[in-house]
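Written out below as C-alpha cells is the structure these notes cover.
Values in this text are rule-based calculations from the coordinates and carry no lab data. As the structure is a computational prediction, the values presented were derived from the model and not from experiment. Reconstructed Cβ throughout: ideal geometry from the backbone, glycine too, with neighbour counts over all protein chains shown.
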Amino acid sequence: MKSIKLLFLVVILLIGKWNFAQEISFVKGSQITTWKANTSDTLYIYNFWATWCKPCIEELPAFEKVAKDYQGEKVKIILVSNDFKKQIDSKLKPFLVQNKIQSEVVFMDETNPNNWLGLVDENWSGAIPATLFVYGKKHQIGFHEGVLTEEELIQWIKKYIP
C-alpha cells in the first residue's frame, strides 16, 4: 500500500511540474502596430524566435540574464514564439520549463509571416532570431536581425536608456 501512495505522490508532483509553465498569450500581427505605438517610459524588447532555431536558442540565455539584471528597471523583454501552433503544449511549454525561461512569452498566431513581417521592420528578411526595440517615451524604434550577445543587447538598451 505504501508503494501505491508513493507512486501516486510522484505522479502528482510530475503533473504539477508541467502546470508551472507560464501561460502563453496568442497575438496577431496587428498587435505589432500596437506595440510600436506605445508611449510609456519602458523600453520593450520583442525577440522573435522559435524552439527549432538553433541560433535563437543560443541567444536566449543572454536575454534571460539581461532581464534578470534589469529587473526593477524600465526594461521589459517579451519573447515572441514562432513555433508551430500544434506544438505549443508538446514542445514550447516543456522547453520553457526545462530551460527555466522567466521572460514573458507570447505566440505569434499567424499562418503566413508575410502578413506581419513588414509591420516589424520593412527590411526584415524574415530570418530569426530578430529583435524589435520600442521606447515609446522618445518615440524610438530599433530593429536587429540576427543573434545578439549579452554585451550587444546591453548596448542596445543603453542606446535608449542611458
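Can you run phi through the Karplus equation (6.51, -1.76, 1.60; θ = phi - 60°) for the range 108-125 and list ³J(HN,Hα) in whole Hz, with x for Gly and Pro?
Karplus values, whole Hz, x for Gly and Pro: 6, 8, 9, 8, 10, x, 4, 7, 9, 4, x, 6, 6, 7, 5, 9, 5, 6.
Which label marks the calculated value of mean projected area of the Cα convex hull in nm², given the options [x] 17.5; [y] 9.6; [z] 11.0?
Read-out from the structure maps to [z].
Using a 10 angstrom Cβ neighbour count of at most 10 plus a DSSP loop assignment to flag exposed GluC sites (Glu not before Pro), which longest range of the chain is free of such sites? Intermediate results must be reported in sequence, preceding the final value.
Numbers: sites that count: Glu23, Glu122.
Longest gap between qualifying sites, sites excluded: 24-121.
Given the rule -39500 (n - 2.57) for each run of at least 4 DSSP H residues, summed and divided by the residues of the chain, what is its mean residue ellipticity at 222 nm, to the nearest 500 deg cm²/dmol? Spell out each step's value before the answer.
Numbers: 6 runs with 61 residues, N = 162.
Theoretical 222 nm ellipticity from helices: -11000 deg cm²/dmol.
Under DSSP H, which helices of the chain have Cα atoms covering 15 Å or more of the helix axis and a Kyte-Doolittle average no less than 0.5? All intermediate terms of the calculation are to be shown ahead of the outcome.
Details: long enough: 2-19 (26 Å, 1.47); 54-69 (24 Å, -0.47); 150-160 (16 Å, -1.02).
Once both thresholds are applied, what remains is 2-19.
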